[in-house]
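Working notes, beginning with the structure itself.
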Amino acid sequence: MSHQYRPDFSRYALQHPDGRWLYHLAQPSELSATPRTGLFADGQPMTPLGDKRSAWWVAGHQAEKIVAVYQPRPKPVRYRLSDTSVRSDRYPDELSLEDWEDRSDEDQTYYRFYDAVTEAQPEVRYEYPGPFIVLEGSEPPAEDAPLWVADLPTALAQRPEYQHCFPGYVPGLSSHLTDVIKKMRHVQYCFNGRDNKPAGLYVTIRVPFQEPESRWRPKYGARGQELKAREEVPVLVTREMHLPVPDRVYGPNYQAALADWEAQVEFWTRVARDAAVKACNACEGTGHVLDAPDATTT
């Protein structure tokens, strides 16, 4: 048995830079509950790309015709009594499909006493006809990958599975880096620019000295009164930075933009990490040493 795929803008092929050909082959609605046992490009077996929904398949050549093979589940043809101890006019040895439907609808005990006698069904061959319009692109992004907002041509406006092949941008870089930098050691604050400040991230880091320094500070009681006891606390140096991180990373396609995204994440986290080094005791954390004469004795 064979079917032909109805035209629904699905006839596209992605030509991967490594020579593979990728095809998005959604299951037709009338076969969505039927197990798919194979896909063939011009008679050659295709391999799954490995996406979560198993919609993307790979061929080693540009296909002219793609056929999916489905194996319907066995179909009940009658019902046979499995518990012979209840054999009676009410529970005969066998029931036709019509009798089974009439009786089982009214009496649930038939489900306990009868087994279905099934008949294997022929495989169904479903054709996705070519020619396939060629697009250049790589694997689609994983579901947990950064979002891609593409400028799709009109013909593909309703086909998000191909949007990673077209120009667009990955949003949310500044928010992502905010979450990353906040968790870094010695970072006290990290937030996006607000209150008419220039866009970007504002980072406050408090670091100790290379040779730990400390000071004594008073302790206070529950009513706010100063106690005789003192506590020793480390002396920290505060560093503030403005990182001009963009919110969007643009690219000619998702793969190129994602590479830029990852490079920017690495760069800006390195900037924050380098700023979190311990402070120099000689310069008191200012980054320079005062040019003062050596002390002399008289």
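The values are calculated or read from the model by the stated rules, or taken from the named source; none is laboratory data. Every value quoted in this text rests on a predicted model; they were computed, and no experiment measured them. Note: ideal-geometry Cβ built from the backbone for every residue, glycine included; neighbour counts use all protein chains shown. Side chains are part of the model used for accessible areas, which takes the heavy atoms of the whole protein and leaves out ligands, DNA and RNA. Shrake-Rupley method; radii C 1.70, N 1.55, O 1.52, S 1.80 Å.
Quick notes
- Normalised per residue, the accessible area of the range 1-126 is 63 Å², obtained with a 1.4 Å probe and no contribution from ligands, DNA or RNA.
- Protein accessible area in the range 1-151, 1.4 Å probe - carbon and sulfur %: 48 percent
- Only helical runs count toward this figure. For the chain, summing -39,500 (n - 2.57) over DSSP H runs of n ≥ 4 and dividing by all residues gives -4500 deg cm²/dmol at 222 nm.
- The range 135-266, accessible area per residue, ligands and nucleic acids excluded (1.4 Å, Å²): 63 Å²
- Within straight-line reach of Lys228, meaning a Cα separation under 26 Å, sit the following lysines at least 8 residues removed in sequence or on another chain: Lys219.
- Trypsin sites (Lys or Arg not before Pro), loop per DSSP, at most 10 other Cβ atoms within 10 Å - longest free stretch of the chain: 54-182
- Taking the protein heavy atoms of the range 184-227 in the context of the full set of protein chains, the accessible area attributed to carbon and sulfur is 46 percent at 1.4 Å.
- Compared with the dominant Cα axis of the chain, that is its longest principal axis, helix 173-182 is turned about 60°.
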